[in-house]
Amino acid sequence: MNRLVEMKDVVKKYGSKVTVDHLNLTIQEGEIFGLLGPNGAGKSTTIHMLSGLLKIDYGSICLDGFSVAERPLETKRRIGLVPQDLAIYEEMSALDNVMFFARLYGLRGALLKERVDEALAFVGLQDRKKDKPKSFSGGMKRRLNIACAITHRPKLIIMDEPTVGIDPQSRNHILESVRELNRMGSTVIYTSHYMEEVAAISTRVGIMDGGRLIACGTQEELRAKVAGEEKLTIEAQGIPEAALEELRQHPHMIRVVPLEEGVEVYLNSTQAYLQDILFVLSKHQVRIRSLTQTEPDLETLFLSLTGRSLRD
Ligand SMILES: Nc1ncnc2c1ncn2[C@@H]1O[C@H](COP(=O)(O)OP(=O)(O)OP(=O)(O)O)[C@@H](O)[C@H]1O
Ligand SMILES: [Mg+2]
């Protein structure tokens, strides 16, 4: 398979702060690659360097065999970027917005009109094309932003947190459009700090934290790294610190994560030690509302690698 993206030893610094730290990443043509990481992990910085919007301090980035630094035009026309911060003109109609970006990508005449209509229909905004985005919901603006990025049929579509702060319907629409764009032949890079979303659509996942790529692989490969862990989520109000401490002291405990209303405990077998856990909680008069046992997931892996939760 063709290597579409090759980032080698890429470094980005702001002053003395290393924002992207010796990043190595290869993405094959045809993938939906999910880049997962908490706020400030360096996802957008990585995306901006790959898109040629930000200079790298060290290393190299190639797209479809072209160096992003040396052949900016060749690489830019292969990319459709849907940025985290919306890039649309509020005072122009939806149609004019998409036209504007399509012209930037060199489309003219009948083909321009055809591709613009196609893009608006693709994101479900055909019947709102005369309206200005200032009257749109957050989700509709996101969808318009996607339409602006796809008229030139880029080989690589990059969406930077496209589902933050939007309604569930638009969210599903966007996730489905990622799949559809991929079926139609585009490779997709998708960043998010929502584990569930990345798990739902990605063929491969990279996990970033503190500027470093701390894990990368298929979901199966990543889950295998924490195959020895099971999670038990206990819903209960006001678990005293003494109970948490006692849970931490259990000889087979891997990790105890207090929640707002309850606790998560990670063990190599939750079933084998369930009685012990219940015993500790009942000793401290904790009234349990529910118990759920789950297999390890990407959240477990993030916790296991960083000691922190992805959610906060
Ligand atoms: N122009 C800049 N000047 C200085 N520091 C910056 C600049 N841009 C980003 N940073 C810092 O670099 C780090 C990574 O930022 P980045 O935006 O790449 O993270 P992210 O993973 O996209 O986070 P989020 O999920 O919040 O979008 C952060 O600590 C951020 O404050
Ligand atoms: Mg970002």
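We did not get these values from a lab; they are worked out from the coordinates using the rules stated. Bear in mind the structure is a predicted one, so any value in this text is a computation, not a measurement. Using ideal geometry, Cβ is built from the backbone for each residue, glycine included, and neighbour counts are taken over all protein chains shown.
Could you please let me know if SER51 is closer than 18 Å to VAL188 by Cβ and either within 16 Å of ligand 1 (Cβ to nearest atom) or surrounded by fewer than 16 Cβ atoms within 10 Å (Cβ to Cβ) (or both)?
Judged against the criteria, SER51 is a match.
Looking at region 48-95, which of its residues are β-branched (Val, Ile, Thr) and within 20 Å of the chain's Cα centre (by Cα)?
ILE79, VAL82
Being closer than 19 Å to VAL20 by Cα, among the hydrophobic types (A, V, I, L, M, F, W, C), buried (at least 18 other Cβ atoms within 10 Å of the Cβ) and out of contact with any Asp or Glu (no Cβ under 9 Å at 6 or more places or on another chain) narrows it down to one residue among ILE189, ILE166, ILE214, ILE158; which is it?
Matching residue, one of ILE189, ILE166, ILE214, ILE158: ILE158.
Between a first residue in region 154-170 that is at negative phi and within 16 Å of ligand 2 (Cβ to nearest atom) and a second residue that is of a type in the set (S, T, N, Q) and assigned to a loop (DSSP other than H, G, I, E, B), which pairs have beta carbons less than 8 Å apart while being 6 or more apart in sequence or on different chains?
Note: pairs meeting the criteria are ILE158/SER51; ASP160/GLN84; VAL164/GLN84; ILE166/SER137.
Return yes or no: is GLU90 free of Cβ contacts under 8 Å to residues at least 12 places away in the same chain and surrounded by fewer than 15 Cβ atoms within 10 Å (Cβ to Cβ)?
The answer is no for GLU90.
Would you mention how many residues in region 16-31 are surrounded by fewer than 22 Cβ atoms within 10 Å (Cβ to Cβ), more than 7 Å from ligand 1 (Cβ to nearest atom) and either β-branched (Val, Ile, Thr) or without any contact (Cβ under 8 Å) to a residue 60 or more places away in the chain (or both)?
3
Taking region 101-121 only, how many residues are touching a residue at least 40 places away in the same chain (Cβ under 8 Å) and more than 19 Å from ASP160 (Cβ to Cβ)?
Here the count works out to 3.
Might you check whether a residue that is buried (at least 17 other Cβ atoms within 10 Å of the Cβ) and within 30 Å of GLY34 (Cα to Cα) occurs anywhere in region 235-247?
No, every residue in region 235-247 fails to be buried (at least 17 other Cβ atoms within 10 Å of the Cβ) and within 30 Å of GLY34 (Cα to Cα).
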